[in-house]
Amino acid sequence: MKYILKKEIIIPIIVLVVCLLLSIISKKIIYKIFNFKKIKIKDGKKKSILNLISNIIVFLITLIGILIVLEVYGVDTKSLIASLGVVGIVIGLALQDLLKDFIVGVSIIFEGQFSIGDFVSINGFKGEVIPSNLRTTKLKSLTGEIKIIYNRNITEIINYSLSLNTLLVDVGVAYESDIEKVNEILDELCVTLKDKYNLKNISCLGVQELSDSSIVFRLGVSVNYQDSFDIDRKIKKDIVLSFKKNNITIPYNQVVVHSGK
């Protein structure tokens, strides 16, 4: 019983419990602060900043806890802290890449280059930014692949979420079609589709091309990049149904085979 009650056993346990409680409480306080309506920060950037601050606070609490436990076991922490300066230089040289990752990660967050939830292209790979750490950035593509990129290797960023993208939808009709009627049908359809899919803007831009077998009309749609593929499919389906209803012919390639006698 005396062995169990020794300070070398009791104090580390107490320190561990206190550190855990402080970490939980500090996270709740940070989240509460950033949920104030007065602080106008985009949700994705808010999550990134929260992750950064939470990680720093947990690291500091853990470091203080370790120093307290070392003091209990008789380690001269003052001398240890003093020697950290020299050790820090050595570690810094050994961990240059890690430090670069950290610095770039902090820069990305506070410069607002991209945030969690944004759809971006980094070094040619397109995907949604998912929760990462300060060393790496993780992107999840539309087909489910996850790309992990070290922050120091990020050289090219295209952020598709900073503004709405323009989706271009082309549809061909036969040369025999009444062009004015087709334009009118597409204009009416755009009004319907805007409400149906809650679009910011959609309009018929008119004749885009005179191809070999059809007159091509173009629609312009303002939409979030990650939604563009789904919206594109839905709009094309509605166009086909509308054309069938109004007896508008969508041409298709035909092959005529002549057989010699």
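Numerical summary
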| quantity | calculated |
| --- | --- |
| Hey, D195 acidic (D, E), in a strand (DSSP E or B), more than 30 Å from K100 (Cβ to Cβ) and within 31 Å of the chain's Cα centre (by Cα) or not | no |
| Count of the range 133-168 residues which are in contact (Cβ under 8 Å) with a residue 40 or more places away in the chain and touching a strand residue (DSSP E or B) at 6+ places or on another chain (Cβ under 7 Å) | 12 |
| Residue in the range 239-248 that is surrounded by the fewest Cβ atoms within 10 Å (Cβ to Cβ), counting only those that are touching a residue at least 12 places away in the same chain (Cβ under 8 Å) and assigned to a helix (DSSP H, G or I) | S242 |
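Here's the yes/no breakdown for (1) under 30 Å from E111 (Cβ atoms); (2) assigned to a helix (DSSP H, G or I); (3) free of Cβ contacts under 8 Å to residues at least 12 places away in the same chain; (4) assigned by TED's automatic domain parsing to the domain that holds K140:
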| residue | (1), (2), (3), (4) |
| --- | --- |
| D170 | no, no, no, no |
| S177 | no, no, no, no |
| K181 | no, yes, no, no |
| E188 | no, yes, yes, no |
| L199 | no, no, no, no |
| V216 | no, no, no, no |
| D227 | yes, yes, yes, no |
| I231 | no, yes, no, no |
| K237 | no, yes, yes, no |
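Here's the yes/no breakdown for (1) within 30 Å of F114 (Cβ to Cβ); (2) surrounded by 11 or more Cβ atoms within 10 Å (Cβ to Cβ):
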position: G206; (1), (2): no, yes
position: E209; (1), (2): no, yes
position: D212; (1), (2): no, no
position: I215; (1), (2): no, yes
position: S228; (1), (2): yes, yes
position: I250; (1), (2): no, yes
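The values are calculated or read from the model by the stated rules, or taken from the named source; none is laboratory data. Only a predicted model underlies this, so the values are computations on that prediction, with no experimental measurement involved. When we count neighbours, we look across all protein chains shown, and the Cβ atoms used for this are built from the backbone with ideal geometry, even at glycine.
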